[in-house]
Amino acid sequence: MTTYEFLTTTWRWSFLLLLFCALALVGYFLAFRRRGRLAYLGGALAVFLFALISPVSALADGYLFSAHMVQHILLVLIVPAFLLLSLPRSFSLPRPFTALTHPLIGWMAGVGAMWLWHVPALCNAATTSSAISVIQTTSLLLMGSAFWWQVLAPRDAQRLSPAAGIAYLFTACTACSVLGIILTFAPVSICPVYQQPVDRLGILSSIRGQWGLTSERDQQIGGLLMWVPMCLIYLTAILAQLARWHSGPHPEKSNA
Amino acid sequence: MNGTTTAPASPATLLDPAEHWHHRLAWLSTVDHKRIGVLYLLTGLFFFVVGGLEALVLRVQLAVPKNHFLQPDTFNQLFTMHGTTMIFLVVIPVGLGFVNYFLPLQIGARDMAFPRLNAFGFWLIPFGGILLHFSVLAGGAPAVGWFSYAPLSETPYSSTLGVDYWAVALFVLGIGSVATAINIIATVICRRAPGMTMRRLPLFTWINFVNAFMIILALPVLNAGLAMLLIDRQLEGHFFLPFHGGSAVLWQHIFWAFGHPEVYIMVFPAFGIVSEVIPVFSRKPIFGYAFVAASSVAIAVLSMGVWGHHMFTVGMGRAANSFFAISSLLIAIPTGVKVLNWTATMIGGRLRFDVPMLFCIAFLIQFLLAGITGISHAVVPLDWQTKNSYFLVAHFHFVAVGAIVFAFFAAVYFWFPKMSGRMLSERLGKWTFWLMVIGFNMTFIIQHFLGLLGMPRRVFTYPNLPHWGWMNMLSTVGVLFMAAAALFLVWNLAVSFFRGKIAGDNPWNAWTLEWATTSPPPHENFHALPPIRSRRPLWDIANPDRPDPVVGENTSEIESPDKTKTGILTFIVSEAAFFAILLLAYLYFYARPQPGPGPRELDVPRTLVFSLCLFASSFTLWRSEIALGRQRRGSMLGWLVLTITLGGVFLVGQGMEYWKLFQTGVDVSTNLFATSFFTLTGFHGLHVFLGLVALLIFLWLAWRGDFAPGRSSAFEAAGYYWHFVDIVWVFVLLTVYILPLAR
Ligand code: HEM
Ligand SMILES: [Cu+2]
């Protein structure tokens, strides 16, 4: 298969996914009507679909660790962020969930989502078994939401103060960068399934030849993706915190 | 403290009466931030002369082709000493000196949060400087370049003690910088005057506050690397020795993980200075305060992750190179934002071209050029051609001299009146300025072209190729101009100190708090502070009819957390960076197993038991704190003794582990597993030991019964440290003992 054929034919339209998105849209509309911020929801769903049906997903499915990493980042960091942004200000979490809004839990969820799913056994399992893959996707979305809640919750009072928010984001960024650094320099495969892919689509020769992605380089790119671009996402959030702090005269909260 | 009067002008007294009887020692034993600041600056000036003379000698050797004025090895020693001196003994101390003097003044504080720690941080600088230069007497200065690449810096290739002195000196200097950075953070967080909210901080203070975070994160990285290098050299470890399985590239990673932030650590004080001077001499507030403030944070965060751009030529692979190239280009954005802000501040202002402003304008232009050549280094193919050529030498001197030294000159002219009570001579100042501009550009512009013509850096001489001769000669002549400029500066300082025009409180009509007190400020800094509602309190006083808009809430309430706890938490962050490097280095070699002993040599069950003791000690210490809170002395003592015992038992357990390994003939020099294992656990054990010593001191204090209620926060702070050491052990235990079980 050539690269062009690959990019055009490997979209994995799944009826279930589309149905899920449609239901989400309807549900959202029923719940919030006019108060919602549809553009953000649209963004969340679009990125969500892109991560799961585009060729990235085909590649992540056993071919390329780096594609898996793209998917991972989109699902933990981008989709949940858009989801939270789409909530109207009046939104409150249902009772049982408020326990999850402790900053420590949010932090552990965000960082844990990165570390946990890169334990070799789990990473392998998620790639080979579709059931575990569904669990993975769901957990990534949930953990990402718990993480972002501290920063992007609908109301200001539910969020961390800007200074605390910066510390929260910076430490999370560091914790994930460390994992990225380990992945980049690891001489052994973190997720061995990607070493000898089963060539279901007949694309492997293009990947290894034309694209020049050996399995070592593939893992290196995966690590670098987690190390550098992901940090940029956190950095953007940090800058947003600073902007929030400098705009409007709200009381100064703790600086530590 | 909320009166509106400014301080009465009291005569400048160098000594207060109480100090008179030991006035000779007053400057040596001082803990006053202003004097410590001056000591920093004088030390920096002294080493600037030393490093400058070294540069002069280097340039004389390079003035003509095939010169034999210097031996090759002497040349290598000189550029190593020049680079190391300029970075660690000039730029860092001078930056910290200005911060020490002016940051507390700018926030209306009486002193730094920890005056004694401040003195400690300062005295490590001359100490480090002496250690570094002592190498000359101990067999020769280091000759391995300022980044001391392995394996050249290892015993087989550098067998004299030069590199050891270099490493110990930098280690000491690193500790000093971290101590001062902790102090800066605690001062800004805990010592602001009423009304000086974080959003109202002057930019010099804000930028150096951010810088302090970079220091506490980056310098421990260097110190971890230095410790590893010293273990290689002194204990025959193998970290960076390729033929024993070590990795020379790992040294590069560690060094530049420190080295790139270091570049920004050096330039941030300069950014701060320029952000103060330009508005004052443009008679306008800074354009886009929030952008300048936020872009500093962006730079600080980004700078931690782009070190790879120093290693494009190492062979990290195409993927890594591209990522680092892109992220390095990104860091240009916040830097550019700053330049735009400074320029925009000047546009439309009523510019006054006094000497400080002249230096800032030259700074802007030269920094712009440095930025352009800097970006060219992030372009990998270009970098392959110009790395290690004079193009690079020109680039970093445009930053180091054209930007940083120029900003320091601006600061000297700007703040000398405040420090001495007298103005520097404008006439001599203009001489300094123009000599500096001419000399600097003559020396370094031409070097770009030399580099493009192919002249490599760090060569002691060169063949007589077309144009190389006159270009090098021109470069050398420029140095003479700069030397003259330096003489004018020193002359100006000396003369003006005794005979300069009296400055008054606020000679430049500036707006920040350091100008609200006498020149020089009294021992306690302020007799009374003006109200602070905006970023320019003195403007508000001078223009009551059109004050600046109030920044943030209209309140003068300030939150000031406990300084001891803040300090300890900051310290813990820097310790965490240190251990992170040791852990990553352990993992790096764990993943590349060598023949010989490995993790299976370790006794896991026994270590688990001893680990439980350590973890339990965190619990007992917590109980002890509670008992102290409830004023139950007996119970507090009991829990504390238990804590110390448990910590001691853990150390005994570690000792047994070591003993068994030694019995079977395994020591640091056996193989890489042993080297990295002993380094990691050894440093942890050392920290446990130091924690025990601290707890013993508290035990002694509590025993004597003089545990004043006010001391409890110190006890809590020690507790934080103890818990931190335990948490580090969780990570060590997981990596060293548990991870191999998963195999
Ligand atoms: C004031 C005028 C200065 C002159 C004339 C000067 C001159 C030189 C010369 C001739 C070299 C050796 C180049 C080579 O052979 O490769 C050098 C290297 C260096 N200079 Fe300067 N320098 C000056 C100021 C500074 C300052 C202020 C810094 C502050 C950071 C600095 C940092 C360095 C460094 C890091 C090196 C590289 C040393 C190495 O290769 O290991 N220089 N300088
Ligand atoms: Cu750099």
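The values are calculated or read from the model by the stated rules, or taken from the named source; none is laboratory data. Computed from a predicted model, the values in this text were never measured in an experiment. Quick reminder, even Gly has a Cβ in these numbers, built from the backbone with ideal geometry, and neighbours come from all protein chains shown. Ligands, DNA and RNA are excluded from the accessible area calculation, which covers all protein heavy atoms including side chains. Shrake-Rupley method; radii C 1.70, N 1.55, O 1.52, S 1.80 Å.
Each Cα pair of the protein assembly as shown feeds into the Kirkwood radius, which the Stokes-Einstein equation turns, at 20 °C and 1.002 mPa s, into a diffusion coefficient of 70 µm²/s.
Put simply, the range A:107-150 fits an ellipsoid with semi-axes of 20, 12, 4 Å; these come from the alpha carbon gyration tensor as the roots of five times its eigenvalues, largest first. The mean sequence distance of close C-alpha pairs (under 8 Å, at least 6 residues apart), as a share of the length of chain A, puts its relative contact order at 24 percent. Placing +1 on each Lys and Arg Cβ and -1 on each Asp and Glu Cβ, with no other charges, gives the range B:32-542 a dipole about its Cα centre of roughly 1400 debye. Volume per residue for the range B:414-484 equals 111 cubic angstrom (convex hull of Cα atoms). Interface residues of the range A:181-226, defined as those losing at least 50 Å² of solvent-accessible heavy-atom surface relative to the isolated chain (probe radius 1.4 Å), are listed as A:Phe185, A:Pro187, A:Arg217, A:Leu224. For the protein assembly as shown, the cysteines with no partner cysteine C-beta closer than 4.7 Å are A:Cys21, A:Cys173, A:Cys176, A:Cys231, B:Cys190, B:Cys360, B:Cys613. The mean sequence separation of alpha-carbon pairs under 8 Å and at least six residues apart, normalised by the residue count of chain B, gives a relative contact order of 16 percent. Dipole orientation for chain B: of the candidates B:Thr80, B:Val91, B:Ile175, B:Val91 has the Cα lying most toward the positive pole (charges on Cβ; Lys, Arg +1; Asp, Glu -1). Projected onto its three principal axes, the C-alpha set of the range B:156-226 covers 59, 17, 15 Å, listed from the longest axis down. Highest GNM mean-square fluctuation among A:Ser86, A:Ser54, A:Ser130, for chain A modelled with Cα contacts below 10 Å: A:Ser130.
Placing pseudo-labels 7 Å out from each Cα toward the beta carbon at B:Thr313 and A:Leu93 gives an inter-label distance of 5.3 nm. Taking chain A as a Gaussian network, where each spring joins two C-alpha atoms under 10 Å apart, which residue of A:Gln219, A:Gln71, A:Gln210 fluctuates the most? So, out of A:Gln219, A:Gln71, A:Gln210, the one fluctuating most is A:Gln210.
Remark: the B:Arg633-B:Ile347 segment gains 96.3 nm on full extension, using 0.36 nm per residue and subtracting the alpha carbon distance.
For the pair the range A:13-79 / the range B:98-163, the C-alpha centres are spaced 53 Å from each other.
Per residue, the accessible area of the range B:194-319 comes to 22 Å² when a 1.4 Å probe rolls over the protein heavy atoms. Normalised Debye scattering of the range B:459-536 at q = 0.17, 0.18, 0.19, 0.27 Å⁻¹ gives log10 I(q)/I(0) of -0.84, -0.89, -0.94, -1.19, counting only Cα atoms as equal scatterers and leaving out solvent. Taking the Cα centre of each part, how many Å lie between the range A:165-190 and the range A:91-161? Here the answer is 17 Å between Cα centres.
Using every alpha carbon pair in the range B:109-155, what percent of pairs falls into each 5 Å bin from 0 up to the bin containing the largest distance? Going from the shortest bin to the longest, the percentages are 5, 16, 15, 17, 13, 10, 9, 8, 5, 1.
For the range B:444-491, the ratio of Cα radius of gyration to the globular rule of thumb 2.2 N^0.38 Å stands at 1.37.
The relative contact order of the range B:117-194, computed from alpha carbon pairs under 8 Å that lie at least 6 residues apart in sequence, is 45 percent.
Once backbone amide H atoms are built at 1.01 Å from N, B:Ala503 has B:Arg422, B:Met423 as its partners under 5 Å, excluding neighbours fewer than 5 places away on the same chain. Divide the volume of the convex hull around the Cα atoms of chain B by the residue count and you get 178 Å³ per residue.
Within the same chain, lysines fewer than 8 places from B:Lys418 are excluded, and of the rest, those with a Cα less than 17 Å from its Cα are B:Lys34, B:Lys501. Applying the Karplus relation 6.51 cos²θ - 1.76 cosθ + 1.60 with θ = phi - 60° to the range A:25-30 yields 3J(HN,Hα) values of 4, 4, x, 4, 5, 5 Hz, where x marks Gly and Pro. Overall shape of the range B:375-525 was characterised from the C-alpha gyration tensor. The equivalent ellipsoid obtained from it has semi-axes of 40, 18, 10 Å, in decreasing order. Percent of Cα pairs in chain A per distance bin of 10 Å, from zero to the largest separation: 7, 28, 33, 22, 9, 1, 0.
Contact-buried residues of the range B:290-304, at a threshold of 20 Å² lost accessible area versus the chain by itself: B:Ala290, B:Ala294, B:Val297, B:Ala298, B:Val301, B:Leu302 (1.4 Å probe; DNA, RNA and ligands ignored). Leaving ligands and nucleic acids aside, the A/B contact buries around 2900 square angstrom of accessible area in total at a 1.4 Å probe radius. The share of Cα pairs per 10 Å bin across the range A:68-215, counted from zero up to the longest distance, runs 10, 35, 30, 16, 8, 1 percent. In this structure the amide hydrogen of B:Met455, modeled in the peptide plane, comes within under 5 Å of the amide hydrogens of B:Tyr390, none closer than 5 places in sequence on its chain. What's log10 of I(q)/I(0) for the range B:576-742 at q = 0.18 Å⁻¹, Debye sum over Cα points only, no solvent? Here the Debye-derived log intensity ratios amount to -1.04.
For the protein assembly as shown, carbon and sulfur atoms together expose 71% of the accessible surface, with a 1.4 angstrom probe and every protein chain in place. Across the range B:666-743, Cα-Cα pairs more than 15 Å apart make up 66 percent of the total. Could you run the Debye sum over the Cα atoms of the range B:518-636, one equal point scatterer each and no solvent, and tell me log10 of I(q)/I(0) at q = 0.15, 0.16, 0.19 Å⁻¹, two decimals? Scattering profile of the range B:518-636, log10 relative to I(0): -1.01, -1.07, -1.23.
Spatial offset of the range B:551-612 relative to the range B:51-92 amounts to 39 Å, using the alpha carbon center of each.
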